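Values quoted throughout were computed directly from the atomic coordinates according to the rules given, and no laboratory measurement underlies them. Since we're looking at a predicted model, the values are computed, not measured. Note that each Cβ is placed from the backbone with ideal geometry, even for glycine, and that neighbours are counted across all protein chains shown.
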Amino acid sequence: MITVGIVGGSGYTGGELLRLLLFHPHVEVTQITSRSEAGHFVHTVHPNLRGVTQLQFIHPDALQPCDVLFLALPHGTASKVIDHYAALAPTIIDLSADFRLNDPEAYRRWYGETHPAPEWLDRFVYGLPERTRDQLRGAHYASGVGCNATSINLALGPLVQAGWLDQAAIEIKVGSSEGGNQPNAGSHHPVRSGAVRTYSPTGHRHMAEVEMMLGADVPIHFAVTAIEMVRGVHLLAHCMLTERHEEKEVWKLYRAAYNEEPFVRLVRSKTGLHRFPEPRIVAGTNYCDIGFEMDESGDHLVVIAALDNLGKGAAGSAVQCMNLMLNFDECAGLRFPGIYP
Amino acid sequence: MTTATCPECDADVVIPADAMENELISCAECGAELEIISLNPVELDLAPEVEEDWGE
């Protein structure tokens, strides 16, 4: 068993990490920090964990050395104190955006400030196993992923790699948990409930991760709209292809990319109620479901994807990364389906 | 184990050992309903879909 600490454990991502790690066969979570909740049992903040653990939050200053640290801090926090945490654990997985980009200039452009620890950027491996698996094996530092970026990187990756994609226009619908657990005027129930609120029609920061993974050669545009949903990312991409293809060829392309991937499923069914990916089906899991339909024209492909922003889009991917970094079974602690209905 | 190719998505479809011609089976990957046109050689086709008349 390895000892694991979670820093910033009172947020939604920290809670999801704890839920996953408490059932991981090779992990003992020994400490979880929260400035605001220090001294309280974790189930007072994460009520789904009542009876599962007697852990109490500790103040970050009380953190002791351990084998692995997960950092689930607000963006811009971990990078200012990374040396401190690196002295406490040989393996770190940071779920914020602080170490996702390997280029300090890209960080400045997308996050509007100079990176406080640029010398650390190339020590972190971007934590998307489907694209960086080989680098993650044996690595000591991994970043988390942006949930919206992950939906794009997984949904469009095969098309870009094959040179099929001419351009894509994407609409992403997201749930309220993407906004974190700090309330604001926009998350107030009378305002948020029932909302269909486009909050980022252009220029979303996650585009930086898409460019890093898929390159900037193919024009990819995406807008994000918050809808009445707590967990989930639903991507719908209108993909204009460089040449005409039959849908069977698309099947072949995506099978080749994902048949061996344990957490990517192809969902394009001719029968049943759920013929394309839906966030509800993958809620609480580490799955990303991907489906598609070819327009009659043969060069306009609609790709649909769904994942849980706290699962595959954050904590699930982070645990999958840890498994690779420590040479555990890649699926350990993650091999379960969602609930239905 | 006998397999055939799904005419909808190109997946390998397992043909049951006791399958008969004109039997309907489903593709596990795309869910298409398939008709076994012949067994020797095995040949599949998309099963005819029920036509719905919505009164138009």
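Below is a table of values for the structure above.
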{"read-out": "Proximal lysines relative to A:K270, as straight alpha-carbon distance under 27 Å, when same-chain residues fewer than 8 apart are discounted", "value": "A:K173, A:K248, A:K252, A:K312"}
{"read-out": "Solvent-free Debye scattering, log10 I(q)/I(0), computed from the Cα coordinates of chain B at q = 0.13, 0.26, 0.27, 0.29 Å⁻¹", "value": "-0.33, -1.01, -1.08, -1.23"}
{"read-out": "Unit charges on C-beta of K, R, D, E only; dipole of chain A, Debye", "value": "860 debye"}
{"read-out": "Sequence-distant residues sharing a close amide H with A:D98 (under 5 Å, placed H)", "value": "A:G76"}
{"read-out": "For A:L266, distant residues with modelled amide H under 5 Å away", "value": "A:I290"}
{"read-out": "Coarse-grained scattering of segment A:28-110 at q = 0.16, 0.26 Å⁻¹, given as base-10 log I(q)/I(0) from a Debye sum over alpha-carbon atoms", "value": "-0.70, -1.32"}
{"read-out": "Check: segment B:2-46 dipole with +1 on Lys, Arg Cβ and -1 on Asp, Glu Cβ, in debye", "value": "80 debye"}
{"read-out": "Vicinal HN-Hα couplings computed from phi for segment A:283-290 (Karplus, 6.51 cos²θ - 1.76 cosθ + 1.60; Hz; Gly/Pro x)", "value": "4, x, 10, 9, 8, 10, 9, 10"}
{"read-out": "For A:T91, residues with placed amide H under 5 Å, excluding near neighbours", "value": "A:L69"}
{"read-out": "Cα→Cβ-extended label distance, 7 Å offset, between A:R50 and A:R265, nm", "value": "3.1 nm"}
{"read-out": "Neighbour-limited loop hits for GluC sites (Glu not before Pro), segment A:85-149 (at most 13 other Cβ within 10 Å; DSSP other than H, G, I, E, B)", "value": "A:E113"}
{"read-out": "Normalised per residue, the volume of the convex hull around the Cα set of chain A (Å³)", "value": "137 Å³"}
{"read-out": "Cα-based convex hull, segment A:218-335, per residue volume (Å³, whole number)", "value": "136 Å³"}
{"read-out": "Note, ³J(HN,Hα) from phi for segment B:25-39, Karplus 6.51, -1.76, 1.60, rounded to Hz, x at Gly and Pro", "value": "10, 10, 7, 5, 8, 9, x, 4, 7, 10, 9, 7, 6, 8, 9"}
{"read-out": "Karplus 3J(HN,Hα) series, Hz, for segment A:80-95 with 6.51 cos²θ - 1.76 cosθ + 1.60 (x for Gly, Pro)", "value": "7, 10, 5, 4, 4, 5, 5, 6, 9, 8, x, 10, 10, 10, 9, 8"}
{"read-out": "Semi-axis lengths (Å, descending) of the ellipsoid that matches the C-alpha gyration tensor of segment A:112-232", "value": "28, 20, 13"}
{"read-out": "Cβ-isolated cysteines (cut-off 4.7 Å), the protein assembly as shown", "value": "A:C66, A:C147, A:C239, A:C288, A:C321, A:C331"}
{"read-out": "Cβ-based charge dipole, segment A:184-341, positive-most Cα from A:L235, A:L310, A:H206", "value": "A:L310"}
